[in-house]
Amino acid sequence: MFLNTMTELFDSVLKNSDMCNDKINEYTFQDICKIKDFLAREVDLVPKIGIICGTGLGSLAETITKAVIIDYKDIPNFPMSTVEGHKGKLIFGYINDVPVICMQGRFHYYEGYSLAQCVMPIRLMKLFGITHLIASNAAGGLNPNFKVGDIMLQKDHLNIMGFSGNNPLRGPNDTNFGPRFFAMTNAYDPTILEGVKDIVKQLGLEQIVQEGVYTCMGGPNYETTAELRALKILGVDAVGMSTVHEVTAARHCGIKCFAFSLITNICSTEYGVGTEANCEEVLEVGKSKEKILKILVTNIVSYIGNQD
Ligand code: HPA
């Protein structure tokens, strides 16, 4: 009798513990279809490109014509943006006549969302018909050649969180989105990357545009010197808190990806040298680069708009 009661007690504790409550792939295909159906009542365009506006790209929304703007908080079963500088709006419309969906604000792991929750909007945008993703982020520069205000085109990423098995696609695979196993060798579309480099030349931005490998740390704290040293040894050029899982989910469902980092601070790997990273500096650099990022991204949208 006692044993039975104790077993039941342990069972219920375990069922309610975080460990057992680790709900994976929280949003099912049907859940995301429902969100899509809700939004589709408001919009009738088929977007080609999904854009995730990171720090410094918030004002891209001003360039969107025939815009339908929907607050995340008005969308049933949609997460909320809790971060300063992330507005929390979904915008449908046109940039240079190319149909787009634009996320003004993304979801981060450090806000408490699982990686699966963080990438739900990627899958939603796929259901709307996007074939391409443009993602931007703020990042600390590890490459000694980088300066504050530089723009790093992402040629690859290092999925540090994935090293310990934390992956947005962990859990049962839904083939409505993509296959169980898939390649990530060309995660950042090489053709688009080359096209963007041409645009950079045309705009005369070579001096401030770099290319490199990005990684996402879980945050919310910035990295220790020892962590930065380790990342540098691993070949990381810029470190942030997003994008890697978004691109992983996008590639899973066949979306072509392009991403870039705005280098908002320099990460020193020497003890006692350099300044500490801080949020104010990150936002300030973002603000100061808004204009140039808007010009760059609108040009990239036109370029992708003319691609298959
Ligand atoms: N580390 C992580 N994320 C960041 C940084 C950084 O130095 N700068 C902006 N986002």
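The values are calculated or read from the model by the stated rules, or taken from the named source; none is laboratory data. Model, not experiment: these values are computed from the prediction. Cβ placement follows ideal geometry from the backbone for every residue including glycine, while neighbour counts extend to all protein chains displayed. Side chains are part of the model used for accessible areas, which takes the heavy atoms of the whole protein and leaves out ligands, DNA and RNA. Shrake-Rupley method; radii C 1.70, N 1.55, O 1.52, S 1.80 Å.
Sorting 202-208, 246-252 by average packing, meaning the other beta carbons within 10 Å per residue, from highest down gives 246-252, 202-208.
Taking label positions 7 Å along the Cα-Cβ direction at both K155 and Q202, the computed distance is 2.2 nm, reported to one decimal. In whole angstrom, region 2-305 maps to an equivalent ellipsoid with semi-axes of 32, 26, 17, each derived as √(5λ) from the alpha carbon gyration tensor and ordered largest first.
Quick check on region 132-235: take the gyration tensor over C-alpha atoms, sort the square-rooted eigenvalues as a ≥ b ≥ c, and tell me if it's rounded (a/c under 1.5), prolate or oblate.
It is oblate, given that a/c is not under 1.5 and a/b is not larger than b/c.
Determine, from the Cβ-Cβ distance of K291 and K232 and an R0 of 22 Å, the FRET efficiency 1/(1 + (r/R0)^6), rounded to the nearest 0.05. My answer for the efficiency is 0.10. Under the simplified labelling scheme, the N278-T65 pair shows an inter-label distance of 4.3 nm, with each label point 7 Å from Cα along Cα→Cβ. Measuring only protein heavy atoms, the 1.4 Å probe finds K256 accessible over about 80 Å². Normalised by 2.2 N^0.38 Å, where N counts its residues, the alpha-carbon radius of gyration of region 211-260 equals 1.26.
Simple rule: put +1 on each Lys or Arg Cβ and -1 on each Asp or Glu Cβ in the chain, find the dipole, and look at L293, N306, L169; the Cα lying farthest toward the positive end is N306.
Of the peptides 289-297, 35-43, the ranking by mean beta-carbon count within 10 Å, highest at the top, reads 289-297, 35-43. With all protein chains in place and a 1.4 Å probe, the accessible surface of region 75-218 carries 50 percent carbon and sulfur.
Over 21 Å apart at the Cα level, from the set K147/K256; K34/K73; K201/K291; K89/K294; K36/K66, are K147/K256.
If you count only protein heavy atoms with a 1.4 Å probe, what accessible area per residue comes out for region 39-115, rounded to a whole Å²? The partial results should precede the final answer.
Working: 3270 Å² over 77 residues.
On a per-residue basis, 43 Å².
Here's the picture: charge each Lys and Arg Cβ at +1 and each Asp and Glu Cβ at -1 in region 165-283, and of F182, T224, G235 the one pushed furthest to the positive end of that dipole is F182.
Using DSSP to call loops (not H, G, I, E or B), can you name the chymotrypsin sites (Phe, Trp or Tyr not before Pro) in region 217-308 whose Cβ has at most 15 other Cβ atoms within 10 angstrom?
Working: sites: Y222, F258, F260, Y271, Y303; in loops: Y222, Y271.
Loop-located and lightly packed - Y271.
Ranked by solvent-accessible area (1.4 Å probe, protein heavy atoms only, all chains present), the residues T63, T264 order from largest to smallest as T63, T264.
Under a 5 Å amide H cut-off, with hydrogens placed 1.01 Å from N, I266 pairs with G141 among residues at least 5 apart or on other chains. For region 127-166, backbone nitrogen atoms closer than 19 Å to the point 7 Å from C33 Cα along Cα-to-C-beta are found at 127-130. Per-residue Karplus couplings for region 188-195, computed as 6.51 cos²θ - 1.76 cosθ + 1.60 with θ equal to phi - 60°, are listed in order as 9, 4, x, 5, 5, 4, 5, x Hz, Gly and Pro entered as x. Across all Cα pairs in region 22-163, the calculated P(r) in 10 Å bins from zero up to the longest distance comes to 11, 39, 36, 13, 2 percent per bin. Around the Cα centre of the chain, unit charges on the Cβ atoms of Lys, Arg, Asp and Glu (plus for the first two, minus for the last two) sum to a dipole of about 600 debye. Run through the DSSP bridge list for region 84-241 and note the antiparallel percent, rounded to the nearest 5. Antiparallel: roughly 45 percent of the beta bridges in region 84-241.
The distance between label points at T175 and N221 comes to 4.5 nm (points 7 Å beyond Cα on the Cα→Cβ vector). When you work out D = kT/(6 pi eta Rh) for region 178-308 at 10 °C and 1.306 mPa s, using the Kirkwood radius from C-alpha pairs as Rh and the Stokes-Einstein form, the result is 95 µm²/s. Using a cutoff of 8 angstrom between alpha carbon atoms and counting only pairs six or more residues apart, the relative contact order for the chain works out to 24 percent.
When DSSP beta bridges are limited to those with both residues in the chain, what percentage is antiparallel, rounded to the nearest 5? Close to 35 percent.
Given Cα pairs under 8 Å that are at least 6 residues apart, what percent is the relative contact order of region 50-167?
Details: 153 pairs, mean separation 34.3, N = 118.
Once normalised by length, the contact order is 29 percent.
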